[in-house]
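Asks: Here it is, the structure, as structure tokens.
The values are calculated or read from the model by the stated rules, or taken from the named source; none is laboratory data. Being a predicted model, the structure only gives us computed values, none of them experimental. In this analysis, Cβ positions are derived from the backbone assuming ideal geometry, glycine residues included, and neighbour counts consider all displayed protein chains.
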Amino acid sequence: MKKSLQTSLIHPDYTAPEGFDAFPPAIHHASTVLFTNVAAMRSGDWKNKQSYTYGLHGTPTTFTLEARLAELEGGTHCLLAPSGLAAIAMVDFALLKTGDDVLLPENVYNPNRELGKWLSNDFGITARYYDPLVGAGIAGLIQPNTKLIWTEAPGSVSMEVPDLPAICKAAHARGVLVALDNTWSAGLALRGFDMGVDIVMQALTKYQSGGSDVLMGALVTRDAALNERLAMAHMRLGMGVSADDAYLVMRGLPSMKLRFEAHDASARKVAAWLKARPEITRVLHPAFEDCPGHENWKRDFTGAGGLFSVLFDARYSEEQTDRFVDSLELFGLGYSWGGANSLVMPYRIKAIRSNWTGSGTLVRFNIGLEDTADLIADIERALAVL
Ligand SMILES: *Cc1c(COP(=O)(O)O)cnc(C)c1O
């Protein structure tokens, strides 16, 4: 066909030869996905992951990341969301309707609690909060209209480790689905499906990416029908992720387990050092005996990662512990975890948990990949300002 210069800019002659191969997955950018002909377009089904219909419903890049994450968790289906929180919201919008009831642990990731409040206030859904250590006692909280139980193992600020098999057993006896926020263990140290959960949610923002530079979430299931319910919400809410972001997450995966183990080893050393300090009354690290639910961690987990909290002795005011936090040099003050940089965050936990009985300021540490001795020296120096 004869082309003008302008048309050549849009319809060039060249096509790269077939047969290129390399380790990194290709990054496919697309809103429009091209069909070979009308018949292919008419027979296209956005749900079918053996074919392509529209960028929002998947490209080879996003399908590859989904499949890799499903394999990692021991699931069969995966859906990506633009953040961990978006993945959480997708579960609620897929599975709950007006008149339904959802149970969330009191130590739940705070934006998930906020979502529960919104569902209660504006959507005619009841969201009730349970003691994360309730275990089999969850049976007494399940109502005929309870459709979903959220779990988080452990709670990412106060670190209680729930008895997941007991919660799942009680839930399934009443036909209630269980979703697990498995971000803390990255799916490496806790096998959600082995615990009995129906949906594993991951904030890929954390260890999977490992770069502190991307936001993404995932839902993994083992059940085609359940995946389809989630996929309907995924489609209706327009939960797309960018190809570049999907690539960044895939780039982190090969090193994730090694990084996780390095975070874990270093965090246990820092936590043990803090435990021996007179300024600290409690170390809330699931691998330590003073962590509520430690026995569940011991039974169900194979590792711990870099995130834990401590309680300062109540004799220190918040002003003093704030000064400690501000004095740290190697620890950035910021939310999230799973990257190379250590982080610290003080929490006003009584403002979130009205029935919190602990005393003293709670400070959360994310131990990054710096040299452990340097981190401990930094903390020791900052403790001196107390
Ligand atoms: C970070 C996090 C999320 C949310 O992930 P975003 O990608 O930041 O939205 C959810 N749950 C837990 C436990 C998290 O740590």
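Asks: Return the total of residues in region 332-342 being more than 15 Å from the ligand (Cβ to nearest atom) and crowded, with 23+ Cβ neighbours inside 10 Å.
Replies: Number satisfying all stated conditions: 1.
Asks: Right, next: Looking at (1) in contact (Cβ under 8 Å) with a residue 24 or more places away in the chain; (2) more than 20 Å from Leu115 (Cβ to Cβ), find the lone condition where Lys147 falls short.
Replies: Just one mismatch for Lys147, condition (2).
Asks: In region 343-374, which residues are at pLDDT 95 or above, outside any strand (DSSP E or B) and within 16 Å of the ligand (Cβ to nearest atom)?
Replies: Result: Ile367, Gly368.
Asks: Out of (1) under 15 Å from the mean Cα position of the chain (by Cα); (2) within 30 Å of Thr361 (Cα to Cα); (3) not polar (S, T, N, Q), the odd one out for Glu160 is which?
Replies: (1)
Asks: Could you tell me which residue of region 326-337 is farthest from Gly84 (Cα to Cα), considering only residues that are of a type outside the set (D, E, K, R) and touching a helix residue (DSSP H, G or I) at 6+ places or on another chain (Cβ under 8 Å)?
Replies: Ser327
Asks: Turning to a different aspect of this structure: Please work out if Leu311 is in a loop (DSSP other than H, G, I, E, B), crowded, with 16+ Cβ neighbours inside 10 Å and of a type in the set (A, V, I, L, M).
Replies: Working: in a loop (DSSP other than H, G, I, E, B): no; crowded, with 16+ Cβ neighbours inside 10 Å: yes; of a type in the set (A, V, I, L, M): yes.
Spelling it out, it is not the case that Leu311 is in a loop (DSSP other than H, G, I, E, B), crowded, with 16+ Cβ neighbours inside 10 Å and of a type in the set (A, V, I, L, M).
Asks: Next question. Can you find a residue that is within 26 Å of Leu230 (Cβ to Cβ) and either modelled with pLDDT under 95 or in the same structural domain as Leu65 (by TED's automatic domain parsing) (or both) anywhere in region 2-12?
Replies: no
Asks: Still on this structure, I have one more. Would you mind listing the helices (runs of 4 or more DSSP H) fully within region 58-135 where at least 2 residues are within 22 Å of Met195 (Cβ to Cβ) and away from the ligand (no atom under 12 Å from the Cβ)?
Replies: On the way: elements: 60-73, 84-95, 110-122.
Correct list: 60-73, 84-95.
Asks: Pick from Arg229, Arg277, Arg268: which is over 18 Å from the mean Cα position of the chain (by Cα) and not assigned by TED's automatic domain parsing to the domain that holds Gln320? Spell out the reasoning first.
Replies: Working: Arg277 fails: not assigned by TED's automatic domain parsing to the domain that holds Gln320; Arg268 fails: not assigned by TED's automatic domain parsing to the domain that holds Gln320.
Going through Arg229, Arg277, Arg268 in turn, the sole match is Arg229.
Asks: Yes or no: region 246-269 includes at least one residue that is touching a residue at least 24 places away in the same chain (Cβ under 8 Å), in a strand (DSSP E or B) and out of contact with any Gly (no Cβ under 8 Å at 6 or more places or on another chain).
Replies: The answer is no; no qualifying residue exists.
Asks: Which of the residues that make up region 375-386 are within 19 Å of Arg282 (Cβ to Cβ) and assigned to a loop (DSSP other than H, G, I, E, B)?
Replies: Leu386 - this is the single residue of region 375-386 that is within 19 Å of Arg282 (Cβ to Cβ) and assigned to a loop (DSSP other than H, G, I, E, B).
Asks: Are there any pairs with C-beta distances below 9 angstrom linking a residue in region 99-120 that is on the phi > 0 side of the Ramachandran plot to a residue that is surrounded by fewer than 23 Cβ atoms within 10 Å (Cβ to Cβ), with the two at least 6 apart or on different chains, and if so which?
Replies: Gly99/Gly124; Gly99/Ile125; Gly99/Thr126; Gly99/Asn145
Asks: Scan region 159-179 and give yes if some residue there is among the basic types (Lys, Arg), away from the ligand (no atom under 15 Å from the Cβ) and not in a strand (DSSP E or B), otherwise no.
Replies: Checked against the condition, which is being among the basic types (Lys, Arg), away from the ligand (no atom under 15 Å from the Cβ) and not in a strand (DSSP E or B), region 159-179 yields at least one hit.
Asks: Only one of these is under 21 Å from Glu370 (Cα atoms) and under 19 Å from the mean Cα position of the chain (by Cα): Phe260, Phe301, Phe331. Name it.
Replies: So the residue among Phe260, Phe301, Phe331 that is under 21 Å from Glu370 (Cα atoms) and under 19 Å from the mean Cα position of the chain (by Cα) is Phe260.
Asks: Something else now. Filter region 186-206 for residues that are within 10 Å of the ligand (Cβ to nearest atom) and part of a loop (DSSP other than H, G, I, E, B); which is surrounded by the most Cβ atoms within 10 Å (Cβ to Cβ)? Before you say what the answer is, go through the steps one by one.
Replies: Initial filter on region 186-206 (within 10 Å of the ligand (Cβ to nearest atom)): 201-206.
Going one step further and asking which of them are part of a loop (DSSP other than H, G, I, E, B), we end up with 204-206.
Numbers: Leu204: 31, Thr205: 26, Lys206: 26.
By that ranking, first place goes to Leu204.
Matching residues to (1) closer than 30 Å to Ile167 by Cα; (2) of a type outside the set (Phe, Trp, Tyr):
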| residue | (1), (2) |
| --- | --- |
| Tyr207 | yes, no |
| Asp213 | no, yes |
| Val220 | yes, yes |
| Asp244 | no, yes |
| Leu258 | no, yes |
| Glu261 | yes, yes |
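Asks: Sort out which residues of region 143-158 are part of a loop (DSSP other than H, G, I, E, B) and within 17 Å of Leu180 (Cα to Cα), and write them in order of number. Step through it out loud before you land on a result.
Replies: Let us first name the residues in region 143-158 that are part of a loop (DSSP other than H, G, I, E, B), namely 143-145, 153-158.
Those that are part of a loop (DSSP other than H, G, I, E, B) and within 17 Å of Leu180 (Cα to Cα): Ala153, Pro154, Gly155, Ser156, Val157, Ser158.
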